[in-house]
Amino acid sequence: MTTAYHHGSLAVQARLGVRHAAARIAPSIRPGIRPVAAAFLELQPMLVLGAAAPDGHVRATLLTGAPGFARATGPHTVSVAARPRPDDPLAAALSREARVGTIALDPRTRRRMRLNGTARPSARGMVIEVEQVFANCPKYLQRRELYGSEPAGPGSSPARRGEALTEAQSAAVRAADTFFVATTGPDGADVSHRGGNPGFVRTEDPRTLEWRDYPGNAMFLTLGNLETDDRAGLLFLDWENGTTLQISGRAETVYRLEERFVRLRVDSVVETPAASPLRWSAPEYSPANPTTP
């Protein structure tokens, strides 16, 4: 990258009158991994990763391991000793070189950090050549404690696939307080966190989701990517039993008076029971969460 923002993000910033605010925080997007970032990453038991899959969808998935499974091995390199399950929709994409976005999020401390770059397969998982590293504020992050881990055995349930949400999946989406959204743009892939009180994501029908885009850091990296490529991949996690819900489709930003909403037309749904071995506590909701209707 020669600038912090591509034309999609700049267009959204200009529309909302925040170009100067975004320019002030642009230096926080760094090309290298500082020691404080490396130390944070090495403490994390999970990493959310997003990329474009061979089937044309943008997907988001969850990688887990003992703290240290994802660690910086140099100022521009991260080693990840994990790979997706064979039936994960990103397994094929990550079996070869791929542009990826990642986010390391720690619910225990309400801290998060994004690392974007190019992933290549390795003997133990993958190596990511990092091009962008930056932290985000704790807004809309729910606090949770990690209770333990239950490694999946050989009898783990297979993924269930569909082209629309079932009633149970729609209920899970409406009850969620957190999800992750992967997008792609001219500078590669990115994964962002979205959080709020249960109900902040609405399901209008089995193939349509909508959420309000709450005020954030004024970068508009996700909405900027959607200006250039409307594909998006969402990841919902059941924090108590480890089930993941991966939803991919086409998204558009809808501007209504002083608020913004993102509408996703669902094309693909993958539900994987107990995909994550991590077991987390019930949430302590962020004081920044707006009241849901």
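Results, tabulated for the structure shown:
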| read-out | value |
| --- | --- |
| Per-residue [θ]222 nm for the chain (sum of -39500 (n - 2.57) over DSSP H runs n ≥ 4, rounded to 500) | -4000 deg cm²/dmol |
| Whole-number Å³ per residue for the convex hull built on Cα positions in the stretch 5-90 | 135 Å³ |
| Per-selection Kirkwood Rh - the stretch 90-144 (Cα, Å, 1 d.p.) | 12.5 Å |
| For the stretch 102-185, alpha-carbon Rg and Dmax in angstrom | 16.6, 40 |
| Farthest positive-ward along the chain dipole, Cα basis, beta-carbon charges - from Ala14, Ser268, Thr208 | Ala14 |
| Shape metrics for the chain, restricted to C-alpha atoms - Rg then Dmax, Å | 17.6, 54 |
| Calculated Rg and Dmax of the stretch 215-254 using C-alpha coordinates, Å | 13.0, 36 |
| Percent carbon-and-sulfur accessible area, the stretch 79-180, ignoring ligands, DNA and RNA, probe 1.4 Å | 53 percent |
| For the stretch 151-200: rounded, prolate or oblate by the Cα gyration tensor [a/c cutoff 1.5] | oblate |
| Only Lys, Arg (+1) and Asp, Glu (-1) charged, at Cβ; the stretch 177-260 dipole about Cα centre in debye | 60 debye |
| Largest-first ordering by accessible area, 1.4 Å probe, given options Glu284, Glu129 | Glu284, Glu129 |
| The stretch 191-245 - percent of accessible surface contributed by carbon and sulfur, probe 1.4 Å | 43 percent |
| Unit charges on C-beta of K, R, D, E only; dipole of the chain, Debye | 660 debye |
| Options Ala175, Pro75, Ala98, ranked by Cα towards positive dipole end of the chain, top entry (Cβ charges) | Pro75 |
| Counting all C-alpha pairs of the stretch 139-293, share separated by more than 23 Å (%) | 38 percent |
| Principal axis box of the stretch 245-293, alpha-carbon based, largest edge first, Å | 42, 33, 14 |
| Net dipole in debye of the stretch 85-125 [+1 Lys, Arg Cβ; -1 Asp, Glu Cβ; about Cα centre; nearest 20] | 280 debye |
| Viscosity 1.306 mPa s, 10 °C: Kirkwood-radius Stokes-Einstein D of the stretch 1-148 over Cα pairs, µm²/s | 97 µm²/s |
| Residue-normalised accessible area of the chain, given per residue in Å² at a 1.4 Å probe | 43 Å² |
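The values are calculated or read from the model by the stated rules, or taken from the named source; none is laboratory data. None of the values given here were measured: they were computed from a predicted structure. For neighbour counting, all protein chains shown are included, and Cβ atoms are generated from backbone atoms with ideal geometry for every residue, glycine included. These area figures cover heavy atoms from the full protein model, side chains too; ligands, DNA and RNA do not enter into them. Shrake-Rupley method; radii C 1.70, N 1.55, O 1.52, S 1.80 Å.
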